[in-house]
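Trainee: Handing you this structure, nothing more for now.
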Amino acid sequence: MPDQPPYPPPPEDVQEIGAPEQFAALAHPLRQRLLFALGHRPATISQLAVQLDAKKGNVAHHLKVLREAGLVHIAETRQVRGGTEQYYQRTARHMVVAEPRAAGTAAMLAAVAQELDRSPAETHLALRHLRLSPAKARELGEALAELVDGVEEDIEDQPVHGVLVALYQQAPPTGTTSSA
């Protein structure tokens, strides 16, 4: 069938991140970049090393950590010149960190910073603080999720763009008292 994708889709649509080994796996920027790179199609260690400008040994090590944490799996193997080529794939299209932890968040933001540095096109990065009621904050969060999740992707040969969406309530300054 000509219009069928060459690789099977990830087995899950959404995977919730919560296990300690998953947080540990997410705590390294190269692992984050590997997950980004595996977002659309499976790839071999060699392909990932070229794409991420990293050493094959480093890529292999970090893929092993991601695999042991249940974040990637081997989607396909092929025999090539007396060896076996393994194609790695994310275990889910979307990964959601239900309760973000500082180390995982820092690693994710560091990986995004590296991606921004390497981007050949103009990037957009903005931080804005808004005063919102809980209802309006929930409404904004739902609208952002719908906007990002609802985008129809173009055909396979178009560049990949990263999207990072965060909505959080800013913590009050320490040492302040609430006014009555």
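Trainee: Out of the residues in the stretch 134-170 that are more than 19 Å from residue 41 (Cβ to Cβ) and of a type in the set (Val, Ile, Thr), which is surrounded by the most Cβ atoms within 10 Å (Cβ to Cβ)?
Mentor: Residue satisfying both the conditions and the ranking: 148.
Trainee: While we're here: When you scan the stretch 75-82, do you find a residue that is surrounded by fewer than 12 Cβ atoms within 10 Å (Cβ to Cβ), out of contact with any strand residue (DSSP E or B) (no Cβ under 7 Å at 6 or more places or on another chain) and polar (S, T, N, Q), even just one?
Mentor: Taking every residue of the stretch 75-82 in turn, at least one turns out to be surrounded by fewer than 12 Cβ atoms within 10 Å (Cβ to Cβ), out of contact with any strand residue (DSSP E or B) (no Cβ under 7 Å at 6 or more places or on another chain) and polar (S, T, N, Q).
Trainee: Additional query: Can you name the number of the only condition in (1) farther than 20 Å from residue 36 by Cβ; (2) of a type outside the set (Lys, Arg); (3) part of a helix (DSSP H, G or I) that residue 130 fails?
Mentor: (3)
Trainee: Any residue in the stretch 25-41 that is farther than 29 Å from residue 168 by Cα, open to solvent by less than 50 Å² (accessible area, probe 1.4 Å) and modelled with pLDDT of 90 or more?
Mentor: Within the stretch 25-41, none of the residues are farther than 29 Å from residue 168 by Cα, open to solvent by less than 50 Å² (accessible area, probe 1.4 Å) and modelled with pLDDT of 90 or more.
Trainee: Any residue in the stretch 91-113 that is open to solvent by less than 60 Å² (accessible area, probe 1.4 Å) and modelled with pLDDT of 85 or more?
Mentor: For the stretch 91-113, residues open to solvent by less than 60 Å² (accessible area, probe 1.4 Å) and modelled with pLDDT of 85 or more: present.
Trainee: Within the stretch 1-20, track down each residue that is modelled with pLDDT of 60 or more and more than 20 Å from residue 36 (Cβ to Cβ).
Mentor: 18, 19, 20
Trainee: Additional query: Identify, by number, the condition in (1) open to solvent by less than 60 Å² (accessible area, probe 1.4 Å); (2) in contact with a Lys or Arg (Cβ under 9 Å, 6 or more places away or on another chain) that residue 86 doesn't meet.
Mentor: With respect to (1) open to solvent by less than 60 Å² (accessible area, probe 1.4 Å); (2) in contact with a Lys or Arg (Cβ under 9 Å, 6 or more places away or on another chain), residue 86 is out only on (1).
Trainee: What about residue 174, is it in a loop (DSSP other than H, G, I, E, B) and open to solvent by 100 Å² or more (accessible area, probe 1.4 Å)?
Mentor: yes
Trainee: Give all pairs with beta carbons closer than 6 Å in which a residue from the stretch 111-131 that is under 24 Å from residue 54 (Cα atoms) meets a residue that is aliphatic (A, V, I, L, M) and outside any loop (DSSP other than H, G, I, E, B); count only pairs at least 6 apart in sequence or on separate chains.
Mentor: Sorted first by the residue in the stretch 111-131, then by its partner, the pairs are 123/116.
Trainee: Sticking with this structure for a sec: Would you call residue 53 modelled with pLDDT under 85 and open to solvent by 80 Å² or more (accessible area, probe 1.4 Å)?
Mentor: For residue 53, the condition - modelled with pLDDT under 85 and open to solvent by 80 Å² or more (accessible area, probe 1.4 Å) - is not met.
Trainee: Then there is this: Against the conditions (1) without any contact (Cβ under 8 Å) to a residue 60 or more places away in the chain; (2) in contact with an Asp or Glu (Cβ under 7 Å, 6 or more places away or on another chain), where does residue 85 fall short? Just the number, please.
Mentor: (2)
The values are calculated or read from the model by the stated rules, or taken from the named source; none is laboratory data. Note that the structure is predicted; figures quoted are calculated from it, not measured. Every residue, glycine as well, gets a Cβ built from its backbone with ideal geometry; the counts of neighbours run over all protein chains shown. Just so you know, the surface numbers come from the protein's heavy atoms only, side chains and all, with ligands and any DNA or RNA stripped out. Shrake-Rupley method; radii C 1.70, N 1.55, O 1.52, S 1.80 Å.
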